[in-house]
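See structure below.
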Amino acid sequence: MAHQSNAESETADQRGGDTPQAVATTEYDYSNFYYSSSDDLFAIFGPYDDWWYGSARNSGYYLFSQPMSTPPGARINLEEQLHHEHLKLFNLASYNYLGLSTHPEVIAAAHAALDKYGLGAAGSPILSGTMDVHLALEKELAAFKHKEAAMVFPTGYSTNVGLLSALLRPGDWVILDQNVHASIVDGAILAKAQVKFFRHNQPADLEKKLKGTTGKRLVVVEGVYSMDGDIARLPEMVEISKRAGARILIDEAHSSFVYGAEGRGVVEHFGLEDEVDIHVGTFSKALGGQGGYIAGSQSLYNYLMGFARSRVFSCALSPAVTAGVLAALQIVKREPQRRHRLWENVAHFRSLLAAAGVDVAESTSQIIPIMIRNDRKILGIAQKLQKAGLYLQPIIFPAVAKHRSRFRVSISASHLTADLDRAAAILIKVLREEEIIK
Ligand SMILES: Cc1ncc(COP(=O)(O)O)c(C=O)c1O
């Protein structure tokens, strides 16, 4: 979920207005419940519940967090939460880009580790929580990324929070693309660094924003932007950062293991692996697992061992998941055909959307936003899609700016062409009925 940093998404309520009293209205969204004028910390719960049960839930917010009873594959079973129906749906919403979450070798490796180590690591990685399987994954990952060292974290979120808060101090500058993930923003806030945002993927604006800064500076971009599906203009970003003497970090949560001839990400795609100072990624997308990593120098690893508090003070990644991720990484190295299949699927689905005139903004990747740009209408469309047999999550504020609502399609190598054809047909039919396209 990207963090909305731009001032245009801030409402009067966020800027300090009181919580509205009359709340049974569909006009409100999360932004109306950010502040309350009461001295009681819990006073906000009453109006929030009134809004939630009175209008939000039934008008479409129930669509969030609906439980699945199957793996996140191409077809899923979902427990619909409004009428409590069991639905069988085509799934275009899960990451699982290479279809590895259910690969037999991945499952077998996780099973074996479960038998060998038990359920959890039962300790912080710097105390008793490091097992041989964690070190094996770090070693394998460092070799894969052609870096001196790699460090594993329990989640991608805690990776960014730990990394930024370990490196930056009050007074240091962090210059962020305005669409970076919430974990990057939260890490910068925790570090109490000075933050500037540059216009999404605009090198000229990065240059402008860097000009007013001195001292230690870190520029942060993503490989593929999580809500937009466009690729960082990395050559220009690297050139500008280097010229200004700033360090550059890339979060390849959505591009590691899928971009580049060998899957080393957008840095490999552009031939810039040695130019970027810090490489971050997750195991929860293309590898179908959980956890995050940082790849870079041995000195960076050494320092983070002492200062990355989200890792130092948190239990290590479960050994079963760690072993499963390690097996998934072996498959990525061995089977480039999975990436090829993914890109064939992406090209096919894109061509179906393009022929129907669907607005996918600037996306060029396996993440394809279906732009609706209407924060209320999108919830009704999502319900209609679900009834027609297609699972797509509406993405609304605060995940994206207001009036930038969209569905986010995630294409996987595990989708069959027939699934994609059927899913596109449902989507296009509903978008036509709702007059989003002609
Ligand atoms: C760019 C980016 N970084 C970090 C994360 C957090 O990763 P995780 O969900 O594995 O904690 C995400 C999650 O969507 C992301 O998109």
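Taken together, the values in this text are just the output of simple stated rules run on the coordinates, not laboratory data. Quick caveat: nothing in here was measured; it's all calculated off a predicted structure. Here the Cβ is made from the backbone with ideal geometry for all residues, glycine too, and neighbour counts use every protein chain on show.
Along segment 182-194, what does the Karplus equation 6.51 cos²θ - 1.76 cosθ + 1.60 (θ = phi - 60°) give for ³J(HN,Hα), rounded to whole Hz, x for Gly and Pro?
3, 5, 6, 4, 5, x, 5, 5, 4, 6, 6, 6, 7
Students often get this wrong: which residues of segment 30-72 have the backbone nitrogen under 16 Å from the point 7 angstrom along Cα-to-C-beta of Leu82?
Answer for segment 30-72: 52-67.
Have a look at His415, His279, His269 and tell me which one the Gaussian network model of the chain (Cα, springs below 10 Å) gives the largest fluctuation.
His269
What is the order of Glu252, Glu268, fewest Cβ neighbours within 10 Å to most? Numbers along the way, then the final one.
Values: Glu252 30, Glu268 20.
Final ranking by Cβ density, sparse to dense: Glu268, Glu252.
What is the distance in Å between the Cα centroid of segment 180-235 and that of segment 283-301?
20 Å
Would you mind checking Lys88/Lys429; Lys147/Lys242; Lys285/Lys402; Lys116/Lys139; Lys211/Lys242; Lys116/Lys285 for any pair whose Cα atoms are more than 22 angstrom apart? Present the calculation step by step, with values, prior to reporting the outcome.
On the way: Lys88/Lys429 19 Å; Lys147/Lys242 20 Å; Lys285/Lys402 26 Å; Lys116/Lys139 20 Å; Lys211/Lys242 13 Å; Lys116/Lys285 26 Å.
Violating the 22 Å limit, Cα to Cα: Lys285/Lys402; Lys116/Lys285.
Measuring from centroid to centroid over Cα atoms, what is the spacing of segment 106-148 and segment 334-397 in Å?
That distance is 34 Å.
With unit charges on the beta carbons (Lys and Arg positive, Asp and Glu negative) and the dipole taken about the Cα centre of segment 86-221, which residue among Leu98, Thr214, Ile189 sits farthest to the positive side?
Farthest towards the positive end: Thr214.
As an exercise, use a Förster radius of 22 Å and the Cβ-Cβ distance of Asn58 and Glu433 to find the FRET efficiency, rounded to the nearest 0.05.
On the way: r = 21 Å, r/R0 = 0.98.
It comes to 0.55.
Could you pull out which residues in segment 175-199 have an amide N less than 18 Å from a spot 7 Å beyond the Cα of Arg233, following the Cα-Cβ vector?
Residues passing the 18 Å test: 175-180, 197-199.
I want to make sure I understand the PRE zone here: with the label point 7 angstrom from the Cα of Thr364 toward its beta carbon, which residues in segment 320-346 have backbone N atoms less than 15 Å away?
No residue qualifies, since no backbone N sits under 15 Å from the label point.
Using per-residue counts of other Cβ atoms within 10 Å, averaged over each peptide, order 287-298, 163-174, 139-150 from highest down. Provide the component values of the computation, followed by the final result.
Numbers: 287-298: 23.1, 163-174: 20.4, 139-150: 17.8.
Result, highest mean Cβ count within 10 Å first: 287-298, 163-174, 139-150.
What shape does segment 188-247 have by the C-alpha gyration tensor, where a ≥ b ≥ c are the square roots of the eigenvalues, rounded means a/c under 1.5, and otherwise prolate means a/b greater than b/c and oblate the rest? Mind dumping the intermediate values first?
Working: a/c = 1.94, a/b = 1.26, b/c = 1.54.
In terms of gyration-tensor shape, oblate.
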